[in-house]
């Protein structure tokens, strides 16, 4: 049985008052009796504040990115050991915005995946296709390549300490949405690819869906066999909507 995970990616949003209010709303709605887990991924400057607010609570703390280097002359970068030092247990690697806006390729994402695990962090590997790639019938090829690059660099055993997030780029902030059937199809393909390498790891790895999950579609998505939770963007910026998604899990 894979517990559901609801992870809120705040992207480049928030202020100290907003974050205090948001965390307060999350904690007020958290139900210890539920098996689903909650994670928040704030911008780098707010990680210490969030860590102090969720200390001694079940809420997990993650970061949105990391450097492939542990230290050195890399001005502006943040390393895995630094994130771990501030209480982060997870970190996104390969988010679609990093791939698109910062031209990160699959080999660079794989380097960050390895760096995360070297620092004791659990990477959340983001994979997904653009609208053009989907229209060209290349979804399986593109997502498969993104995963294979990490398997080649880290080995299949590394996925025993990782999470995968499928985020169809064409369904993020575009007004288009993937149906639960479309999402499940790709999640099943991802699991099959990992299972082909190692049946135990493939069966246990959690695969999150990151394509505009909202309170009104969460329950239907999470009912799918291979969807193990959500990587939530805009809906995670309001405690009520974010925790409604959590309750659907």
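Read-outs: derived from the displayed coordinates by stated rules, not from any lab. Nothing here was measured: the structure is a model prediction, and the numbers come from that model. Glycine also receives a Cβ, built like all others from the backbone with ideal geometry; neighbour counts cover every protein chain displayed.
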Quick check: pseudo-label points 7 Å beyond the Cα along Cα→Cβ at residue 2 and residue 148, how many nm apart are they? 2.2 nm
Ranking 4, 112, 214 by Cβ neighbours within 10 Å, fewest first, what do you get? 214, 4, 112
With a point put 7 Å past each Cα toward its Cβ, work out how far residue 132 is from residue 219 in nm, to one decimal. 4.0 nm
Per-residue Cβ neighbour rank within 10 angstrom, fewest leading, 187, 56: 56, 187
What ranking, highest mean first, results for peptides 114-121, 46-53, 192-199 when packing means the other Cβ atoms within 10 Å averaged over each residue? 114-121, 46-53, 192-199
With the Cα gyration tensor of segment 25-140 giving a ≥ b ≥ c as the square roots of its eigenvalues, does the rule (a/c under 1.5 for rounded; else a/b larger than b/c for prolate; else oblate) give rounded, prolate or oblate? oblate
Given the options 28, 70, 183, state which has the largest fluctuation in a GNM of the chain using a 10 Å cut-off (strictly under) for Cα springs. 28
Between residue 160 and residue 182, how many nm apart are label points set 7 Å from Cα along the C-beta direction? 3.7 nm
Once every DSSP H run of n ≥ 4 in the chain is given -39500 (n - 2.57) and the sum is divided by its residues, what mean residue ellipticity at 222 nm do you get, rounded to the nearest 500 deg cm²/dmol? -12500 deg cm²/dmol
Just to be sure I understand: with springs between alpha-carbon atoms less than 10 Å apart, which residue in 42, 58, 81 has the highest mean-square fluctuation in the Gaussian network model of the chain? 58
Using packing as a proxy for protection, rank 5-13, 217-225 so that the peptide with the highest average count of other Cβ atoms within 10 Å comes first. 5-13, 217-225
Inter-centroid distance (Cα atoms) of segment 4-20 relative to segment 171-249, Å: 18 Å
Chain lengthening between residue 21 and residue 69 when straightened (0.36 nm per residue, less Cα-Cα): 13.9 nm
